[in-house]
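The numbers here are math on the coordinates, done by the rules we state, and not lab data. Bear in mind that the values here come from a model prediction, so they are computed numbers and not experimental data. Reconstructed Cβ throughout: ideal geometry from the backbone, glycine too, with neighbour counts over all protein chains shown.
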Number of protein chains: 2
Amino acid sequence: MAGAFAVAVAVGTALLSLPIAVAGPGRADLLTALFHATSAVCVTGLVTVDTGTYWSGFGQAVILLLIQAGGLGIMTLATLLAVVLSRRLGLRARLIAQAETKALSAADVRRVIRRVVLFSLGVEAVVAVVLGIRFATGYDQPLSSAAYSGVFHAVSAFNNAGFGLNADSLMQYVADPWISLTICVAVILGGLGFPVVFELVREWRTPKSWSVLTRITVIVTVVLLVGGTLLFLVAEGGNPGTLGPLGAGATLLAAFTAAVMPRTAGFNNLDIAAYQPETLLLTDALMFIGGGSAGTAGGIKVTTFGLLAYVLWAEMRGDPDVEVGRRRVPSTNQRQALAIALLGIGVVAVATFVMEALTDFSFDVVLFEVVSAFSTVGLSTGITADVPPAGQVLLVLLMYIGRIGPLTLASGLALRDRGRRHQLPEERTIVG
Amino acid sequence: MAGAFAVAVAVGTALLSLPIAVAGPGRADLLTALFHATSAVCVTGLVTVDTGTYWSGFGQAVILLLIQAGGLGIMTLATLLAVVLSRRLGLRARLIAQAETKALSAADVRRVIRRVVLFSLGVEAVVAVVLGIRFATGYDQPLSSAAYSGVFHAVSAFNNAGFGLNADSLMQYVADPWISLTICVAVILGGLGFPVVFELVREWRTPKSWSVLTRITVIVTVVLLVGGTLLFLVAEGGNPGTLGPLGAGATLLAAFTAAVMPRTAGFNNLDIAAYQPETLLLTDALMFIGGGSAGTAGGIKVTTFGLLAYVLWAEMRGDPDVEVGRRRVPSTNQRQALAIALLGIGVVAVATFVMEALTDFSFDVVLFEVVSAFSTVGLSTGITADVPPAGQVLLVLLMYIGRIGPLTLASGLALRDRGRRHQLPEERTIVG
Ligand SMILES: [K+]
Ligand SMILES: [K+]
């Protein structure tokens with residue numbers, strides 16, 4: 001899998017290095033091409049140049065295709081992993097109509113790919129139409145330009161890529177519910193992940209039958225959206241640089257959108273450079289947690305975060321088992337979540353340390369940039385273009401690790417044979 | 001236990017509020033008295049006034065007694081917990097010479113207290129003598145002043161309290177190996193914790209026989225001291241505000257001392273306000289991890305950090321069991337470590353968010369102050385006295401939670417009956 005993504009990045013870098021990829025004279029240098037190819041394939045959205053004016057139509061098309069390939073690739077692979085691993089998920093039976101067995105046939109894989117592609121293109125098409133109509137009717141854009149912008153933003157939103165065509169991302173639409181909410185819906189649908197959406201469509205009336213995957217994903221998503229919106233209102237309500245000048249309805253809309261975007265679409269509807277320090281920290285937390293497990297979002301994933309919260313709750317209550325909706329989650333599964341969260345914290349801490357050593361930026365903006373890259377979010381306080389080349393290479397590595405790391409880890413950890421060897425005598429230590 | 005510490009804080013606050021506690025006219029206001037009583041009982045060392053000039057001799061004696069009471073209290077309680085919990089630790093047999101049983105007799109408790117007190121006062125006495133001689137001979141202090149300063153710094157160092165009598169903490173002794181290394185030894189011995197020191201004294205020749213507690217504590221302590229020193233050299237080597245002006249030997253001494261102090265003594269030998277941002281982050285990490293489990297250090301403890309590292313390693317290798325030195329650590333024990341680390345991260349994140357909302361300080365110094373209070377370290381970039389009253393109350397809460405929280409959690413989690421109920425069907429989720 002890591003190989004497929006590396007090949008996509010290499011092809012993208014080559015294409016973006018062509019003279020026809022840029023709008024002006026000359027060509028993009030290698031680091032610029034590599035940076036934006038990685039950012040597109042890893043659906044991150046960090047940029048050092050303005051997408052709408054630096055790249056030509058050809059360059060923008062390459063970026064859009066890389067986003068679509070990266071998004072479809074990760075969703076397909078993660079869904080296949082879910083099918084292989086699920087004991088009860090119902091995905092095997094429902095998705096590939098086959099008895100319980102570890103092996104996937106080529107026909108199974110084709111069926112999953114077909115459904116993922118249909119789902120992706122279907123949502124993108126509807127979103128593109130809504131956005132295109134709004135761009136044409138609300139902003140007096142010529143029809144072709146409105147349609148192009150609609151498609152671009154729809155693909156970018158559903159794949160949680162966060163690339164936009166305007167230099168200010170979505171800031172000019174901050175008070176426009178048609179555009180903001182449509183993009184939010186696309187972001188959330190893509191970020192929930194295919195298996196969860198598939199299960200929700202069929203069983204939304206019977207939450208008691210939901211799998212552990214769907215239950216945790218839905219609960220954590222709702223908590224983060226509601227809690228994030230409220231904390232945004234508290235932290236930024238009186239800030240003249242962000243929510244301050246807006247009316248009541250627009251404030252609520254903007255706070256909700258600002259809580260959706262870190263998980264992990266990466267469009268910005270507000271000026272992040274004007275955020276309060278506590279809002280940057282809140283956004284760091286939302287970005288690090290990220291979105292659903294088998295979707296286009298990044299981060300350690302809401303399932304990892306949610307499962308750890310269930311473990312903590314069980315530990316504090318003194319329950320020997322961790323139970324999610326009348327199901328017991330095995331301890332091996334808990335340990336996977338722990339491993340993914342700890343490695344994520346470790347990568348972010350080391351990268352922040354290195355980036356601080358490479359640059360003179362303050363700690364808050366560096367941490368924000370590192371978390372944004374690792375969680376493939378693409379939000380920035382505006383320093384990306386000013387990061388020195390070594391730092392940009394570090395961001396490229398972070399985007400790549402952040403995109404393929406957790407899934408590789410989860411599959412490697414999960415698919416492994418767990419035969420029990422001769423057991424050693426048991427001994428505990430004191431902790432805390 | 002929480003009650004005993006609260007009583008000590010209340011008594012200390014009352015005593016420090018007396019007019020005779022301050023050197024100048026008037027008296028300390030309630031918040032100042034509460035802050036410093038908490039800082040002393042919780043062996044933190046954060047101060048808003050200069051200990052050597054603001055408090056009278058009486059006030060300094062109160063602070064010293066509160067430090068000693070807080071340090072002895074936590075070490076005794078944690079050692080008793082270790083005795084109760086240890087299955088193999090050898091502590092029962094060696095410390096209280098009794099068969100394996102959950103109950104502790106009054107005689108057992110007295111024996112543990114006596115040994116902890118002897119250990120503490122013994123180390124403090126030797127350290128006080130060495131420091132006193134050096135203050136008298138190397139710095140021309142009168143004998144009485146040198147002796148007082150020696151005792152004060154010895155008690156403060158062994159109990160990882162970090163209170164000093166000089167306004168610059170230990171910065172004037174940065175190149176003095178007699179003082180720096182003596183204090184480092186006291187800090188490390190107090191921070192290892194009594195059970196580990198007890199086992200090391202008896203079995204230092206046979207590492208294979210060490211308990212899991214001692215093995216993890218020693219390994220992580222060595223790794224953090226060596227790694228911390230090297231990273232300090234890398235990050236601060238060329239900084240004219242810190243290591244820059246020192247010679248080679250003094251640079252190494254200063255880097256080592258600077259790596260010892262965040263875990264969690266809190267003296268500073270260098271000007272923290274002049275640290276590079278990456279050094280602040282490194283210090284944050286060292287502070288958060290803290291020291292040994294049944295000693296005077298704070299933080300989540302090296303055992304918690306080390307056990308999680310072992311869990312991660314086992315997970316990445318695919319081992320079903322977590323093995324430390326030919327012993328298997330039960331999954332309940334792993335889950336305790338996870339709970340303590342996650343709650344620590346949660347407390348620090350929430351407190352940082354609140355402190356950012358209360359003040360205008362930048363993110364790096366606020367995070368540093370919060371971690372320093374939670375981990376009862378006492379290092380500061382210098383903002384403590386400028387934090388508004390609500391923020392100082394938050395720091396008081398953090399010191400208190402940081403001091404009694406992890407141990408309460410560990411004992412509560414560990415002593416609890418873990419009867420297994422009817423088991424639900426098992427189901428896993430995808431993470432990452
Ligand atoms: K993104
Ligand atoms: K301290």
For A:L200, place a label point 7 Å out from Cα along the Cα→Cβ vector, do the same in each other copy, and report the separations in nm, one decimal, smallest first.
5.4
Please list 3J(HN,Hα) in residue order for segment B:175-190, calculated via the Karplus relation 6.51 cos²θ - 1.76 cosθ + 1.60 where θ = phi - 60°; whole Hz, with x for glycine and proline.
9, 9, x, 4, 6, 4, 5, 4, 5, 4, 4, 4, 4, 5, 4, x
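Output the Kirkwood hydrodynamic radius of chain A, Cα pairs only, in Å rounded to one decimal. If you can, show how the numbers build up before the last one.
On the way: mean 1/r = 0.0451 Å⁻¹.
About 22.2 Å for chain A.
Between B:A107 and A:R326, how high is the FRET efficiency from 1/(1 + (r/R0)^6) when r is the Cβ-Cβ distance and R₀ = 45 Å? Nearest 0.05. Let's see the in-between values first.
Working: r = 49 Å, r/R0 = 1.09.
That gives a FRET efficiency of 0.35.
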How high is the FRET efficiency from A:D319 to B:V201, r the C-beta distance, R0 35 Å, rounded to 0.05?
0.35
Taking the Cα centre of each part, how many Å lie between segment B:29-71 and segment A:186-216?
55 Å
Can you list residues whose amide H is under 5 Å from A:R328's amide H, if they're 5+ apart or on another chain and H is modeled 1.01 Å from N?
B:E426, B:E427
At 222 nm, what value in deg cm²/dmol follows for chain A if DSSP H runs of at least 4 each add -39500 (n - 2.57) and the sum is divided by all its residues, to the nearest 500?
-21000 deg cm²/dmol
Residue by residue through segment B:223-237, what is 3J(HN,Hα) from phi via Karplus (6.51 cos²θ - 1.76 cosθ + 1.60, θ = phi - 60°)? Round to whole Hz and write x for glycine and proline.
4, 5, 5, 5, x, x, 4, 4, 5, 4, 4, 5, 6, 10, x
Going by Cα centres, segment A:233-266 and segment A:121-163 are how many Å apart?
22 Å
What list of ³J(HN,Hα) couplings, whole Hz, do you get for segment A:248-263 from phi and the Karplus terms 6.51, -1.76, 1.60, once you set θ to phi - 60° and write x for glycine and proline?
4, x, 5, 4, 4, 4, 5, 5, 4, 4, 5, 7, 6, 5, x, 10
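For segment B:1-54, what is the convex hull volume of the alpha-carbon atoms per residue, in Å³?
Values: hull volume 3.6 nm³, N = 54.
Output value, Cα hull per residue: 67 Å³.
On a full-extension model of 0.36 nm per residue, what is the gain between A:S56 and A:V393, subtracting their alpha-carbon distance, rounded to one decimal in nm?
Working: separation 337, 0.36 × 337 = 121.32 nm, distance 2.39 nm.
Gain on extension, A:S56 to A:V393, equals 118.9 nm.
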Name all residues of segment A:64-78 having a backbone nitrogen under 17 Å from the label point set 7 Å from the Cα of A:V11 along its Cα→Cβ direction, giving them as ranges.
A:64-77
Between A:A2 and A:V234, what is the label-to-label distance in nm when each label sits 7 Å out along the Cα-to-Cβ direction?
4.1 nm
Can you pull the one-decimal nm distance between simple spin-label points at A:S145 and A:L252, each 7 Å off the Cα toward Cβ?
3.4 nm
In nm, one decimal, shortest first: how far is the label point of B:V350 (7 Å from Cα along Cα to beta carbon) from the matching points in the other copies?
3.1
Considering every pair of different Cα atoms, what Kirkwood radius, in Å, is found for segment B:240-285?
10.9 Å
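Please quote Rg/Rh for the protein assembly as shown to two decimal places, taking the Kirkwood radius as Rh and restricting both calculations to Cα atoms. Write down the numbers at each step before the final one.
Numbers: Rg = 28.8 Å, Rh = 28.8 Å.
Ratio of gyration radius to Kirkwood radius: 1.00.
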What does the copy distance list look like for B:A23, label position 7 Å along Cα→Cβ, in nm and ordered from shortest?
6.7
